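The values are calculated or read from the model by the stated rules, or taken from the named source; none is laboratory data. Fair warning: this is a prediction, and the values are worked out from it, not measured in the lab. Glycine gets a Cβ as well: all are built from the backbone with ideal geometry, and neighbour counts include every protein chain shown. These accessible areas exclude ligands, DNA and RNA; they are computed on the full protein's heavy atoms, side chains included. Shrake-Rupley method; radii C 1.70, N 1.55, O 1.52, S 1.80 Å.
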Amino acid sequence: MTINWHYPRTELAEQFLDAFERGATSSYTLFAPRRMGKTEFALRDLIPLAQERQYLTVYVNFWDRLDSPSQCILHGIKAASQQLSSSQTLLKWLDQISKIGIKTPLAGIDIGRDRNQPSEVELDLVADGLGALLKSGKPLLLVLDEVQHLATNKAFEPLVFALRGLLDSQRQHIKVLFTGSSRNGLNQLFRRRKAPLFSSSQQIDLPELGSPFLEYLSNAFRQATGRSLRLAECQAAFRQLKKVPYDYQQVLDILMRAGHADIVSTTRTYLQNLDQGDEHADIWKSLKAVDQAVLCCLLEPAYQGLYTPEANRFMAERLGLDQLDTATVQNALNRLKKNNIIASVGHGRYELEDPHLADWIRDQQDADN
C-alpha cells in the first residue's frame, strides 16, 4: 500500500486560480520562511490543479542556479514545452537553445559562462520562449520560486527589467505566483525605485498549518506503523518546532525508525540535535553593539515602537549612554535589514527573519537577567 504523506492544500490552490480567472489580479506574492512548504504547495497542489484547468505551467526556482537566474527561467520554459505537442515556433526556440550551448537539467548542465550578467541572447530567449508557449492559446501560469534572489545582485537588473516589461504587456495571458522566504528580500525587489519587478502584486503569507495537518500525518503514521499518536502531544510538538512542516515530518520519520510513539521526547531530542547555537552566536558577535540593542528592543514584550522614549531609554541603558540619536538607530536598522536579519512588516513593525535566532537572543537575555 502506498501512503501519501503530502498534505493537500487544494482549497488554497483553488483560491489562487479562481482569483486569476476572475481577472481580479494577474499576480500574487506568497511569503513564508524556509521549510514551511511553499515549494511543495506550488509543485504538488497549485501546478497540478492549474494543469487540470488547462493552464500551461512554468516552474522556476532561482536557487537552482544562483549565478544565472536567466538560465533558471530557460530551464523552466524548456521543461514546460513538454506539455505541448511540437510546433514550428517551439521547435525553432529549442533549436536556438541548442545552438548557443545552453544545456538544461533535462540534458545535462552547463553553459560554460562564469559571469552573472544575462546576455541579450538569453533575455531574448526568455521572451521568445514564453511567447512560443503563449502561441498555444492556453493561459500560462508562471511560478517564480525564491524570487527575492533577483535582488541580491545588480547584474540581475536587466532580467528584472525584461521580466517586468514582459509581464506587464502579457498580464491578460500570463498569471504569476512569486514566492519568497525573505521578507526583506521581497521588499527590496518589489519596492525599489529603479527596477520594481511587479509593484501591483498582492503579497500574502502562506497560511500556517494546524490540527487538520497533524491529523492527516497522524493517520499516515498509523497506516505506516500501526501505532497511534495523541493529537494534544502532536500539537505541543508542532508548536515547539515553530510550526515548521519540514521539521515535524523529520520527527515523524525518526519515530517510525525508532519503533515507538513518544513524539514529545523525540521532538526534544531533535531540537537539541538541530541546535544552531554556535551559528547564532557568530551572527550575534558580528553585530555592532547598537545593532544588538535594536534587536533586543524589538524582542521586548512591552515593545511599542523603535522611536518611542521608552525604546530609546532601553537601548541607551544597554549601551551605557544617556540617550541615542535617531540617526544612530536608523543606521542600525538599515544594517540589520541589509543583512537580512530583520524585515519590515508594515506600520513601523519589524520581525526577525529567523525565528530561531529570535529565540536564541531571548534565551541569552533571560540568562543575563
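Quick notes on this one:
- The condition (being open to solvent by 50 Å² or more (accessible area, probe 1.4 Å), at pLDDT 60 or above and closer than 17 Å to Asp67 by Cα) is satisfied by just one residue among Val126, Val121: Val121.
- Total residues in the stretch 20-32, condition more than 14 Å from Phe178 (Cα to Cα) and either in contact (Cβ under 8 Å) with a residue 40 or more places away in the chain or outside any helix (DSSP H, G or I) (or both): 2
- The lone criterion from (1) more than 30 Å from Glu353 (Cβ to Cβ); (2) modelled with pLDDT of 90 or more; (3) open to solvent by 70 Å² or more (accessible area, probe 1.4 Å) left unmet by Lys92 is number (2).
- Restricting Arg335, Arg318 to those that are open to solvent by 90 Å² or more (accessible area, probe 1.4 Å), assigned to a helix (DSSP H, G or I) and not acidic (Asp, Glu) reduces the list to Arg318.
- Those residues of the stretch 342-355 which are surrounded by 19 or more Cβ atoms within 10 Å (Cβ to Cβ) and either assigned to a helix (DSSP H, G or I) or in contact with an Asp or Glu (Cβ under 6 Å, 6 or more places away or on another chain) (or both), in sequence order: Ala343
- Index of the failed condition, Arg318 passing every other in (1) touching a residue at least 24 places away in the same chain (Cβ under 8 Å); (2) under 27 Å from Lys38 (Cβ atoms); (3) of a type in the set (Lys, Arg): (2)
- Failed item, numbered, when Ala358 is tested on (1) assigned to a helix (DSSP H, G or I); (2) surrounded by 14 or more Cβ atoms within 10 Å (Cβ to Cβ); (3) in contact with a helix residue (DSSP H, G or I) (Cβ under 8 Å, 6 or more places away or on another chain): (3)
- Looking only at the stretch 58-82, and only at residues there that are in a strand (DSSP E or B) and open to solvent by 10 Å² or more (accessible area, probe 1.4 Å), the one that is nearest to Lys175 (Cα to Cα): Tyr59
- Taken over the stretch 206-245, residues that are in a helix (DSSP H, G or I), open to solvent by 70 Å² or more (accessible area, probe 1.4 Å) and farther than 24 Å from Pro33 by Cβ amount to 2.
- Qualifying residue in the stretch 246-267 (condition: in a helix (DSSP H, G or I), touching a residue at least 60 places away in the same chain (Cβ under 8 Å) and either open to solvent by 70 Å² or more (accessible area, probe 1.4 Å) or under 25 Å from Val345 (Cβ atoms) (or both)): yes
- Filtering the stretch 276-289 for residues that are over 25 Å from Ala151 (Cα atoms), open to solvent by 30 Å² or more (accessible area, probe 1.4 Å) and assigned to a loop (DSSP other than H, G, I, E, B) leaves a non-empty set.
- Between Ala42, Ala50, Ala80, the distinction of being at pLDDT 90 or above, of a type in the set (A, V, I, L, M) and within 20 Å of the chain's Cα centre (by Cα) belongs to Ala42 only.
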